[in-house]
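**Student:** Okay, handing you the structure first.
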Amino acid sequence: MTATAGASLDGEVLRLLADPLRAEIVRLLAGEQLCTCHLVELTGARQSNVSNHLRALREAGLLQSEPCGRYTYHRLLPEALARLGADLAALAARAGGDLPRRPCP
């Protein structure tokens with residue numbers, strides 16, 4: 001999804017974050033690095049479900065996973081979230097103020 005005048009949003013990333021479980025995973029990872037077993041315990045979701053959501057977030061460039069023995073720890077990539085935040089802030093700034101009204105034909 002792209003807006004004009006330089007403000008664009010990655011629709012795929014927004015769609016990913018709109019899922020309640022993915023949003024909860026992101027919220028939890030904002031505070032600390034967690035392994036998959038922690039996320040299963042904290043969310044109450046099945047391990048396979050959590051792993052699928054983590055894969056989607058990793059493929060979207062929102063988090064990084066690091067094996068540590070038998071476990072895999074996950075951490076958010078703040079620069080990816082900052083880009084999304086900047087895009088949203090740019091759209092909010094564009095939408096503020098007295099906007100012109102396009103005339104109907």
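Read the figures in this text as sums done on the coordinates, not as results from a lab. Computed from a predicted structure; not experimentally measured. Here Cβ is always computed from backbone atoms with ideal geometry, including for glycine, and neighbour counts include all displayed protein chains.
**Student:** Considering each residue of the range 46-105, count those that are basic (K, R), over 16 Å from L16 (Cα atoms) and touching a strand residue (DSSP E or B) at 6+ places or on another chain (Cβ under 8 Å), and give that number. Before you say what the answer is, go through the steps one by one.
**Tutor:** Start the filter on the range 46-105 by keeping residues that are basic (K, R), which leaves 46, 55, 58, 70, 75, 83, 94, 101-102.
After this cut, where a residue has to be over 16 Å from L16 (Cα atoms) as well, the list is 46, 70, 75, 94, 101-102.
Keeping just the survivors that are touching a strand residue (DSSP E or B) at 6+ places or on another chain (Cβ under 8 Å) gives 75.
Counting residues in the range 46-105 that are basic (K, R), over 16 Å from L16 (Cα atoms) and touching a strand residue (DSSP E or B) at 6+ places or on another chain (Cβ under 8 Å) gives 1.
**Student:** What is the number of the single condition among (1) out of contact with any His (no Cβ under 7 Å at 6 or more places or on another chain); (2) surrounded by 11 or more Cβ atoms within 10 Å (Cβ to Cβ) that L54 does not meet?
**Tutor:** (1) is the only condition that L54 fails.
**Student:** Continuing with the same structure: Is it the case that some residue within the range 62-77 is in a helix (DSSP H, G or I) and free of Cβ contacts under 8 Å to residues at least 12 places away in the same chain?
**Tutor:** Start the filter on the range 62-77 by keeping residues that are in a helix (DSSP H, G or I), which leaves none.
Among the residues of the range 62-77, not one is in a helix (DSSP H, G or I) and free of Cβ contacts under 8 Å to residues at least 12 places away in the same chain, which makes the answer no.
**Student:** Filter the range 11-59 for residues that are among the small types (G, A, S) and either part of a helix (DSSP H, G or I) or within 19 Å of P78 (Cα to Cα) (or both) and give the result. Steps first, please.
**Tutor:** Step one: of the range 11-59, the residues among the small types (G, A, S) are 11, 18, 23, 30-31, 44-45, 48, 51, 56.
Hits for the range 11-59 are G11, A18, A23, A30, G31, S48, S51, A56.
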